[in-house]
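See structure below.
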Amino acid sequence: MYRELKAEAEAEALIASPEPAWLFKHSNTCPTSSAALDEFRGYLTAHPHEPAGMLVVQTQRPLSNWLATRLKRTHQSPQLFLVKAGAIVWTASHWSITAAAMDQARKQA
């Protein structure tokens, strides 16, 4: 499954991973983010060995801001990144976050 990220070091470990890893920024007050979270969880249920982390922007705002700076991407939520070896391989936000899109991105990573 995924782990809840609470520190920059945890996020950086995923970003630097030699294997593709997922980073999900979730808003617990947004219906679109709730739908994206369902897709994220559904994908990871089918692929339980893929590394993944999630942060809730309301409770981890400094980490969310750090990620926006670290990945050089404007903050959005929901926002999903597939990262590998320090770089973004694929990214999506809002309604573009689907299990099918994740599956396709992972196959190309």
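The values are calculated or read from the model by the stated rules, or taken from the named source; none is laboratory data. Given the structure is predicted, the values throughout are model-derived calculations rather than measurements. Every residue, glycine among them, receives a Cβ derived from its backbone with ideal geometry; neighbour counts consider all protein chains shown. The accessibility values were calculated without ligands, DNA or RNA, using every heavy atom of the protein model including side chains. Shrake-Rupley method; radii C 1.70, N 1.55, O 1.52, S 1.80 Å.
Tabulated results
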| item | result |
| --- | --- |
| Top-ranked residue of the range 1-35 - restricted to ones that are assigned to a loop (DSSP other than H, G, I, E, B) and open to solvent by 80 Å² or more (accessible area, probe 1.4 Å), ranked as modelled with the lowest pLDDT | M1 |
| When residues of the range 84-109 are limited to those that are among the polar types (S, T, N, Q), at pLDDT 95 or above and farther than 16 Å from N28 by Cα, the one most open to solvent (accessible area, probe 1.4 Å) | Q104 |
| Failed criterion for F81 (all others in (1) open to solvent by less than 60 Å² (accessible area, probe 1.4 Å); (2) out of contact with any helix residue (DSSP H, G or I) (no Cβ under 6 Å at 6 or more places or on another chain); (3) touching a residue at least 12 places away in the same chain (Cβ under 8 Å); (4) farther than 22 Å from A99 by Cα hold) | (4) |
| Positions within the range 36-59 being open to solvent by less than 30 Å² (accessible area, probe 1.4 Å) and out of contact with any Leu (no Cβ under 6 Å at 6 or more places or on another chain), in sequence order | A36, L37, F40, Y43, L44, E50, M54, V56, V57 |
